[in-house]
1. Which one of these does Val404 not meet: (1) at pLDDT 95 or above; (2) touching an Asp or Glu at 6+ places or on another chain (Cβ under 8 Å)?
2. List the pairs whose first member sits in the stretch 241-255 and is surrounded by 24 or more Cβ atoms within 10 Å (Cβ to Cβ), whose second member is modelled with pLDDT of 95 or more and aromatic (Phe, Trp, Tyr), and whose Cβ atoms are under 6 Å apart, counting only residues at least 6 apart or on separate chains?
3. Any residue that is basic (Lys, Arg) and buried (at least 19 other Cβ atoms within 10 Å of the Cβ) - is there at least one of those in the stretch 412-420?
4. Take the residues in the stretch 189-212 that are touching a Lys or Arg at 6+ places or on another chain (Cβ under 9 Å) and either surrounded by fewer than 18 Cβ atoms within 10 Å (Cβ to Cβ) or at pLDDT below 95 (or both), then tell me which one is nearest to Pro88 (Cα to Cα).
5. Do the conditions hold for Thr385, that is, is it out of contact with any Asp or Glu (no Cβ under 8 Å at 6 or more places or on another chain), of a type in the set (Val, Ile, Thr), in contact (Cβ under 8 Å) with a residue 12 or more places away in the chain and farther than 19 Å from Tyr472 by Cα?
6. If you scan the stretch 78-97, which residues turn out to be within 15 Å of Arg487 (Cα to Cα) and assigned to a loop (DSSP other than H, G, I, E, B)?
7. I'm checking my understanding of the structure. Among residues of the stretch 51-66 that are assigned to a loop (DSSP other than H, G, I, E, B) and in contact with a strand residue (DSSP E or B) (Cβ under 6 Å, 6 or more places away or on another chain), which one is surrounded by the fewest Cβ atoms within 10 Å (Cβ to Cβ)?
8. Please identify the pairs in which a residue from the stretch 390-409 that is more than 30 Å from Lys350 (Cβ to Cβ) has its Cβ atom under 6 Å from the Cβ atom of a residue that is exposed (fewer than 15 other Cβ atoms within 10 Å of the Cβ), counting only partners at least 6 apart or on another chain.
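The values are calculated or read from the model by the stated rules, or taken from the named source; none is laboratory data. In this text the structure is predicted, and so the values were computed from the model without any measurement. Ideal geometry is used to build each Cβ from the backbone, glycine not excepted, and the neighbour counts take in all protein chains shown.
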Amino acid sequence: MKHASSLFFCLSLVSGSLIAQEAQPFDRLTFHAAPKALAAEAKTSDWPRVLGPNDDASSPETHLLKKWPETGPSLVWEVKTGDGYTSPVISGDYCLIFHAMDGKETLECVHRETGQRFWIQDYPIEYKDRYGFGNGPRGSPAVADGVVVIKGVTSLLHAFDLKTGKVLWSHDLSKEYHVPQDFFGAGSSPLILEGKVIVNVGGKAEPFDGFEERRDRAAKLATKGVSVAAFDLKTGAVQWKVEDEWGASYASPIPAKLHGQTKVLVYAAGESDPAVGGLLCIDPTTGTLHDRFPWRDEEYIQATGSSPVVVPEKNRAFITTCYPKNRPIGGVMVEYDESFKAKEVWQSKKLGVHWMTPIYHDGYLYAIDGERENNSRLVCVNADTGVESWSKNIEWEDATLATVLGRSKPIQLSILRASLMRVDGAFLCLGETGSLHWLNLTPEGCEEISRTQLFYALNTWSLPSLSHGLLYVHQQAESLDRKSGTRVLCYDLRGE
């Protein structure tokens, strides 16, 4: 079970026991200004998982700053990073940043308000993206009960003590369960639930030796292996396994309240030829597979990144994909009966999401439809019927970027394939090129409340994190003016 690596941690040794050091500044940290005090009546929350405390891209926080000055919200701190398409997670004073530098996947624990570092862990990886994207992790950390869990791009699964960085346990899922590299490596974030770490493993019956001939590879991809597994949070011991030929997607397992019981929904959809996959409904205590609902086109090249969306009051769930590119199957709403068997309620080819997870609110779904930048649009869909209420392209002209790029006329910008978060009675929107927006989204339409440009950079693909009035944004590409590289930035959104 243990994985040999060059893991290290910053600790003090007192009487043979490990204690956490005080947070310290380090060379990749720039501190700008302390945040304002929280409003007296502000509600706050941690952000312990990729989709936040409610696993639905929402936050209970209140009294946030809705109107920004011309320069945007105040920057508190920034940390330079390596490659990675991940979101920070926050638990108490601890902010976890997962990325890759110098051939090593790196997990850093910093103070949420200062950016100073408590501890750092890293281990070597050998990974090169097949399509030329960054070579860092895709899955974000998860934290619960004082334990941080990460699943890296090569399917290395590690658990650390939150306060000290001590290595608790590890699994090399690729070796143990014959996990193929997949199109963009491993990318599903782990879920911590009921003292278990639940992972969309995507294992196969046989090992993979490099890149076999497509015919041989397709045969191996079609075999049944460990699709989903649960590990004990404290020890890493295997609790249960679900075997299936459906592989590992880039979507994360989601807890769902169905008929008064907690279940786990996994949109499993790894590389396969022809492509197979769909929605699994699993009992988190026993690992019992209640249902498998197929939902995938047979086209070979597909990568599913949008997590299931739960409609608890109707025992329903929605899944979506923008593949295949020329004829996307879109999305489907299913309803579970008391035996937890799913049946289709409706489907729509007008709601095909690339990677953001749609937000369900008051009977409607809000999402970014479209596979490419030039066909993406913000949409509102009736969750009961699947009928589209409206669609909108949020666009504006930007003279500053024109100056940066040496253009004489303002440049037309858009939110493109943005991310959405529902908080404080509105929606935060992080655009694909670094814009930040407050939006009022209702079944009647979209109203833009505020807009600012945090930076100008492509590939801003990860949902930001929000905790205690601070917003954490991962810039995942070099800025267009080449003045900043990849980094995590902390902004002050504390209002009156």
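1. Here Val404 meets the rest and fails (1).
2. From the stretch 241-255, the pairs are Ser249/Tyr267; Ala251/Tyr267.
3. Of the stretch 412-420, the ones basic (Lys, Arg) are 417.
Now drop any that are not buried (at least 19 other Cβ atoms within 10 Å of the Cβ), which leaves 417.
The answer is yes; a qualifying residue exists.
4. In this case the residue turns out to be Gly195.
5. On the way: out of contact with any Asp or Glu (no Cβ under 8 Å at 6 or more places or on another chain): yes; of a type in the set (Val, Ile, Thr): yes; in contact (Cβ under 8 Å) with a residue 12 or more places away in the chain: yes; farther than 19 Å from Tyr472 by Cα: yes.
Considered against the rule, which asks whether it is out of contact with any Asp or Glu (no Cβ under 8 Å at 6 or more places or on another chain), of a type in the set (Val, Ile, Thr), in contact (Cβ under 8 Å) with a residue 12 or more places away in the chain and farther than 19 Å from Tyr472 by Cα, Thr385 comes out as yes.
6. Within the stretch 78-97, Thr81, Gly82, Gly84, Tyr85, Thr86, Ser87, Pro88 qualify.
7. Taking the stretch 51-66 as the starting set, the residues that turn out to be assigned to a loop (DSSP other than H, G, I, E, B) are 51-57, 60-63, 65-66.
Still in the running and in contact with a strand residue (DSSP E or B) (Cβ under 6 Å, 6 or more places away or on another chain): 52, 55, 57, 61, 66.
Numbers: Gly52: 26, Asp55: 23, Ala57: 25, Glu61: 23, Lys66: 14.
Ranking the candidates gives Lys66 first.
8. Ala399/Pro410; Ala402/Pro410; Val404/Asp481
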